[in-house]
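Some notes on the structure that comes next.
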Amino acid sequence: MAFSYEGLIHQLEFEGYTESEIVYAVDNCGADWNAQALKAAKNYLNTMPFSYKGLIHQLEYEKFTSEQATYGVDNCGADWNAEAVEQAESYLLHSSFSREELYDQLIYEGFTSEQAEHGVSAVY
């Protein structure tokens, strides 16, 4: 699993370690937090489609810093057009959308207008 600094603290708290044990472990574990963010980004992309902005937001939600999240997303090798197509297909699998509604939904999810148009064009 990939963890942010704060995420690892919360995990160790859940496992019942004391505060002093947690601080020592997290401060001395030798983690490369950028590498952890990259690993988390790749893990998320293997499970569901994301836009660039959406994936950064997800990593920040997981308590990676903005810089770490950006590093992970910038280096994950994602094809954002392919992600838009996958997201569009997923929406149409579960709901009815007009072409315009689907485009608007992809924009809302953080895809660029070009990526959203690519995604919509692939399914319509």
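Values quoted throughout were computed directly from the atomic coordinates according to the rules given, and no laboratory measurement underlies them. None of these values were measured; they are calculated from a predicted model. Positions of Cβ are backbone-derived with ideal geometry, glycine not excepted, and every protein chain shown enters the neighbour counts.
Some values worked out for this structure:
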{"read-out": "Unique match (being more than 30 Å from Y103 (Cα to Cα) and out of contact with any Gly (no Cβ under 6 Å at 6 or more places or on another chain)) among A31, A78", "value": "A31"}
{"read-out": "The stretch 53-88: number of residues that are in a loop (DSSP other than H, G, I, E, B) and among the hydrophobic types (A, V, I, L, M, F, W, C)", "value": "3"}
{"read-out": "Odd one out for S4, checked against (1) within 25 Å of the chain's Cα centre (by Cα); (2) without any contact (Cβ under 8 Å) to a residue 60 or more places away in the chain", "value": "(2)"}
{"read-out": "Matching entry among G119, G110 (being touching a helix residue (DSSP H, G or I) at 6+ places or on another chain (Cβ under 8 Å), of a type outside the set (D, E, K, R), at positive phi and surrounded by 16 or more Cβ atoms within 10 Å (Cβ to Cβ))", "value": "G110"}
{"read-out": "Some residue of the stretch 82-96 being surrounded by fewer than 18 Cβ atoms within 10 Å (Cβ to Cβ), closer than 20 Å to Y44 by Cα and β-branched (V, I, T)", "value": "no"}
